[in-house]
Amino acid sequence: MYQAASRAAGSKRLRERNQLELKLGPYHYQIATQADKSVMTISDATTSLSVDLLWAFGSGHMGQTYIYQREGKFYESHVSYYATPQILDITPGQSRLLPSNLEAAAGRAMPVNESHKCFGCHTTASMTNNQFAPNDSFPGVTCEACHGPGAKHVAAARAHTEKRGSGLILNPAVFERVDYVDFCGACHRTWQDVVSGHLTAAGEFNVRFAPYRLENSRCWTEGDGRLNCVFCHDPHKPLVHDQASYDSNCLECHLVASAAEKRTPYRKAAACPVATKNCVSCHMPKVGPPNLHSVFTDHWIRISKPGSAYPD
């Protein structure tokens, strides 16, 4: 999360590939990065348009989208970088129809509330004293993005006067499971975001929204209090990609309980009759939405049989 945003000129991906190109109908795209500047140029048969890219949203592990500014408004680039094929292609959520002119080919204007939300999730302290000041924000998700202002907490910790539960810093660990998933879902998208129609997320595209998918799971609806985002993911560490490492989390519920374990307040789910290893390979399948050049782990936990329809 710390790498959720960077200044475009400092983007590791753009610096590694200091020139990216794409031909899209009559338009030719080029993103060139040199020293302290990253410029996107779009040209057609008669003219060209160049914009200075200000921000790169996304770590680049799967992809990156770029933000620029014109006449005081923020714009989302029409093309994004995709890591697996190392190419430019149309940004998720944007139309795949050919843009009508160079300005539209460069990107789309972001509504004010959308700009606030995008910077609020990809940077820290873009909103200060109720004033939107993204150029003064910290790139990426730092401690205060999740824990709130920390000056009093740090001062008390250094003076050895802080007591647990003092309230000097927000501690999401005390949240109930619904509140916890909604807390993470403020950026990773909640069930309500999808069903209310706030997002264009039809079909496999909503696999990107882990909280929404999780809350459709039987594991969730049956109410095990342990099941929330941090039960499997430590937000203070890089995401673990080794599927087998999650087996212990699954088996904490799906294993025949000993007499001592039966006295815990949590229920024990049925043990899997097939295996006790690589659980997520069967129950949390990988899904590759069209044109996104990436695969995502589906957090709708279920028995997923080969060829079965994607549940939406």
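The values are calculated or read from the model by the stated rules, or taken from the named source; none is laboratory data. Because the structure is predicted, anything quoted here is derived from the model rather than measured. Virtual Cβ from ideal backbone geometry, glycine too; neighbours counted across all protein chains shown. Remember, those area values only see protein heavy atoms, side chains included, never the ligands or the DNA or RNA. Shrake-Rupley method; radii C 1.70, N 1.55, O 1.52, S 1.80 Å.
Odds and ends about this structure:
- Note on LYS163: lysines with a C-alpha under 17 Å away, same-chain residues under 8 apart excluded, are LYS152.
- For the range 25-39, 3J(HN,Hα) computed residue by residue from phi via the Karplus equation (6.51, -1.76, 1.60; θ = phi - 60°) reads x, x, 9, 10, 9, 9, 10, 10, 10, 9, 6, 10, 8, 10, 10 Hz, glycine and proline entered as x.
- Once the 1.4 Å probe is applied to the protein heavy atoms, the chain comes out at 58 Å² accessible per residue.
- Among ASN249, PHE132, GLY185 - extreme Cα towards positive end, dipole of the chain, charges at beta-carbon: ASN249
- Look at the alpha carbon pairs under 8 Å that are at least 6 residues apart: their mean separation over the length of the range 1-43 gives a relative contact order of 32 percent.
- Most mobile of ALA145, ALA56, ALA156 in a GNM of the chain (Cα contacts under 10 Å): ALA156
- Partner aspartates and glutamates whose Cα lies under 18 Å from the Cα of LYS117, excluding those fewer than 8 positions away in the same chain, are identified as GLU76, ASP136, GLU144, ASP182, ASP193.
- Computed packing ranks the peptides 72-81, 273-282 as 72-81, 273-282, most packed first, by mean other Cβ atoms within 10 Å.
- Across LYS23/LYS237; LYS23/LYS73; LYS73/LYS237, pairs whose alpha-carbon gap is larger than 28 Å: LYS23/LYS237; LYS73/LYS237
- Average Cα contact separation per residue, the range 143-254, under 8 Å, 6 or more apart, as relative contact order %: 19 percent
- Interchain or long-range residues, amide H under 5 Å from GLY63's placed H: ALA83
- Straight-distance crosslink candidates among lysines, where the alpha carbon sits under 17 Å from LYS37 and sequence neighbours closer than 8 are dropped: LYS12
- The HN-Hα couplings worked out from phi for the range 113-128 by the Karplus form 6.51 cos²θ - 1.76 cosθ + 1.60 (θ = phi - 60°) are 5, 6, 4, 4, 5, 4, 5, x, 8, 9, 10, 10, 6, 6, 10, 10 Hz, whole numbers, x standing for Gly and Pro.
- Under 5 Å from the amide H of LEU24 lie the amide H atoms of TYR29, each residue being 5 or more positions distant or on a separate chain, with H modelled from the backbone and absent for Pro and chain starts.
- Across the range 1-111, Cα pairs under 8 Å and at least six residues apart give a relative contact order of 21 percent.
- Note on the range 37-141: with neighbouring protein chains present and a 1.4 Å probe, carbon and sulfur make up 51 percent of its accessible heavy-atom surface.
- Under Karplus coefficients 6.51, -1.76 and 1.60, residue-wise ³J(HN,Hα) of the range 7-22 in Hz, glycine/proline x: 5, 4, 5, x, 4, 4, 5, 5, 6, 5, 10, 5, 9, 10, 9, 8
- For SER38, the residues whose amide H sits under 5 Å from its own are ALA9, LEU53, ignoring neighbours fewer than 5 places away on the same chain, with H placed 1.01 Å from N.
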